[in-house]
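Heads up, the thing below is written out as structure tokens.
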Amino acid sequence: MRTPSLLVTRSCKAIHRLQQSAFASPVSAVYRHQTISVLRNSSTISCKDDRSYYITTPIFYVNASPHLGHLYSAVIADCLHRYKLLQGFNSKFATGTDEHGLKIQQAAEAAGKDPLTFCTDVSERFKHLFNRCNISYTDYIRTTEQRHHQAVKHFWSVLWNKGLIYKGSYEGWYSTQDESFLTALQVGDAVDSSGNEIKVSLESGHKVEWMKEENYMFRLSAFRSQLLDWLKGNPRAIQPEIFYQVVLKWLQEDLPDLSVSRQRSRLQWGIPVPGDAEQTIYVWLDALVNYLTVAGYPDIHNQSWNVAHHIVGKDILKFHAVYWPAFLLGAGLPLPQTIYVHSHWTVGGKKMSKSLGNVVDPLERSKQFTTDGMRYFLLRQGVPDSDSDYTDDKAFKLLNAELADSLGGLLNRCTAPALNPAQVYTAFCPQSFPSEQGGRAVGEDYHMLEAVKNLPAVVEQHYESMHVYKALEAISACVRQTNGFVQRHAPWKLERSDITDQRWLDTIIHVSLECLRIYGTLLQPVVPEISDKLLSRLGVQPGERGLADVNFLPKIRGMDCPFEGRVLGSDTGVLFTRLENLDRDKQNPKKTKKAKK
Ligand code: MSP
């Protein structure tokens, strides 16, 4: 487990390295001076150990309703936020909606609504989805809010006053769907649905248009070596590693200055450039500042800002790992601690998107699979390093196998009145299960104990690097081992009237309940409702569910177990009800009938 003090030491070392390299970078004297003061600033602030943590999702475009891919970004962030709370951190978690820009302006026009009403409608849909899926954000930001306008204008003025923004002109390709400027190398030929030849972004496939405009430019080119220094000094700043390498490669290529405004005549739906009513601030600069707005910028913001971690999809990596750090360096602010990148959900091998018409409705699916079912599926099947293809069938199979049969079955066995008539956390008998092999336990049982004892550390390491699927894989493997343990010793065959059999039976149940307590505790960030139900059934109180409370099977080490002898919780309901795959059942009625028997 990475302790906060380790984190602090690490960031101090990184800052030190960065301070040293900043002196060596070939940036002009003005920028060098700025960088050094930023780094000095960050070093004094970052070295504080206050157990604060700040995690963000990208803010979501409101041009269309939320889909499964959006929920995925939010579930990952929610999982990390909940995990940090379990570790005892004071964690802040922001999400919200990105409401300005040409794309939204055009969507509102097409819907025949005034932009703010349009944005409010869609923003509420995101909020509704997140509330329904237990996304426990502590702040929901909309870029149309007054606090955000103030933050963006202030941020702009800081860059302007430092000479980092200048009036220029942009001539090149622009993708409205991606709200992104592209070079000729990033553009290719395609044919639209009406057979017209068009130009598209090679990365996103979205249509691009040629534009030529007077606007404001940001001196992005001046920050290249500082960005490289930052990354080289912080090899874990972008995770997983493959995306870190992608960014390093971008920084070795040409990094032209960036247009940061659009002519007001074309884009009215946005924040005007301070002091120039003819120009609107570029939507990405506007949107990225949301992370600062939530932190309280321009007023008190250091507490959260020094410990910021961003979750982003791979399609928006450049904005977060190149433009955003450059803006922050320019504004004299510390850089984010980590940028966690995830890949995409595809359907039939294609990225889910409204324009392709292959979106999966997360609200509908979370009704079908339950909220926790949906969360579990996304985090268990979603691999950050590569895309995952979505099918309903995969979800049915996975949830039935792992949540209903394996985990739910284990709880059911250990709490069923037939095996546990007193409905208590049964006693552990050290003679039946001694710490060294002997008694009635066999070698495989000791292997299982070893695996469960190590599980919290394994899981924490995977949560920490956003490999949630690996954490769930490890938990699932342990649940299988515990089911194997129960199966192997078949407690239902033991003779209750024989005192040694009775003690062994209670021990088997005790060990299994201890395993379940660890699984329930570790699963809280992923499936909060199921974990709550599980832990409540075991009689584990809310104050006993932190990562510091795990202390697995103390009795085998001759220590007291606070749970032993407690009456189990009264909710005897099924942990996760098996799902019926209606579509498949319709297609395959015979198979279903057989399966039900
Ligand atoms: N508004 C910008 C972000 C600004 S943050 C300062 C944006 N919005 S978005 O709505 O298009 O995307 C939000 C998030 O959803 C991104 O992380 C994106 O990667 C994610 N997803 C959108 N489609 C997705 C999939 N098909 N699969 C997984 N996530 C994807 O970009």
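Here is a yes/no grid of residues against (1) touching a strand residue (DSSP E or B) at 6+ places or on another chain (Cβ under 7 Å); (2) closer than 30 Å to Y54 by Cα:
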site: R132; (1), (2): no, yes
site: I141; (1), (2): yes, yes
site: R147; (1), (2): no, yes
site: Q150; (1), (2): no, yes
site: L202; (1), (2): yes, no
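The single condition from (1) assigned to a helix (DSSP H, G or I); (2) buried (at least 16 other Cβ atoms within 10 Å of the Cβ); (3) at pLDDT 95 or above; (4) under 29 Å from the mean Cα position of the chain (by Cα) that N131 fails is (2).
Among E213, E209, which is the only one that is more than 25 Å from the chain's Cα centre (by Cα), open to solvent by 20 Å² or more (accessible area, probe 1.4 Å) and over 16 Å from V322 (Cα atoms)? Answer to the check: E209. Looking only at residues in segment 339-354 that are small (G, A, S) and open to solvent by 10 Å² or more (accessible area, probe 1.4 Å), which one is nearest to the ligand (Cβ to nearest atom)? Taking the candidates together, the pick is S353. Selection of segment 162-174 for residues being open to solvent by less than 70 Å² (accessible area, probe 1.4 Å) and touching a Phe, Trp or Tyr at 6+ places or on another chain (Cβ under 8 Å) yields L164, I165, Y166, G168, Y170, G172, W173, Y174. All told, K470 meets the bar of being within 29 Å of the chain's Cα centre (by Cα), open to solvent by 30 Å² or more (accessible area, probe 1.4 Å) and free of Cβ contacts under 8 Å to residues at least 12 places away in the same chain. The criterion of at least 2 residues that are of a type in the set (D, E) is met by the following helices (runs of 4 or more DSSP H) wholly inside segment 417-536: 443-464, 499-523. Restricting N306, N290, N302 to those that are touching a helix residue (DSSP H, G or I) at 6+ places or on another chain (Cβ under 7 Å), polar (S, T, N, Q) and within 12 Å of the ligand (Cβ to nearest atom) reduces the list to N290.
Tallying residues that are out of contact with any Leu (no Cβ under 7 Å at 6 or more places or on another chain), aliphatic (A, V, I, L, M) and modelled with pLDDT of 95 or more within segment 575-595 yields 0.
Here A94 fits the description: of a type in the set (A, V, I, L, M), within 12 Å of the ligand (Cβ to nearest atom) and either at pLDDT 95 or above or open to solvent by less than 10 Å² (accessible area, probe 1.4 Å) (or both). From the set of residues in segment 310-326 that are open to solvent by less than 10 Å² (accessible area, probe 1.4 Å) and out of contact with any strand residue (DSSP E or B) (no Cβ under 7 Å at 6 or more places or on another chain), which is nearest to the ligand (Cβ to nearest atom)? Applying the filter and picking the extreme gives W324.
Could you pull out the residue among D387, D361 that is acidic (D, E) and either more than 11 Å from the ligand (Cβ to nearest atom) or buried (at least 21 other Cβ atoms within 10 Å of the Cβ) (or both)? Steps first, answer last, please.
On the way: D387 fails: either more than 11 Å from the ligand (Cβ to nearest atom) or buried (at least 21 other Cβ atoms within 10 Å of the Cβ) (or both).
Among D387, D361, only D361 is acidic (D, E) and either more than 11 Å from the ligand (Cβ to nearest atom) or buried (at least 21 other Cβ atoms within 10 Å of the Cβ) (or both).
The values are calculated or read from the model by the stated rules, or taken from the named source; none is laboratory data. Computed from a predicted model, the values in this text were never measured in an experiment. Here the Cβ is made from the backbone with ideal geometry for all residues, glycine too, and neighbour counts use every protein chain on show. SASA here: full protein model, heavy atoms, side chains in, ligands and nucleic acids out. Shrake-Rupley method; radii C 1.70, N 1.55, O 1.52, S 1.80 Å.
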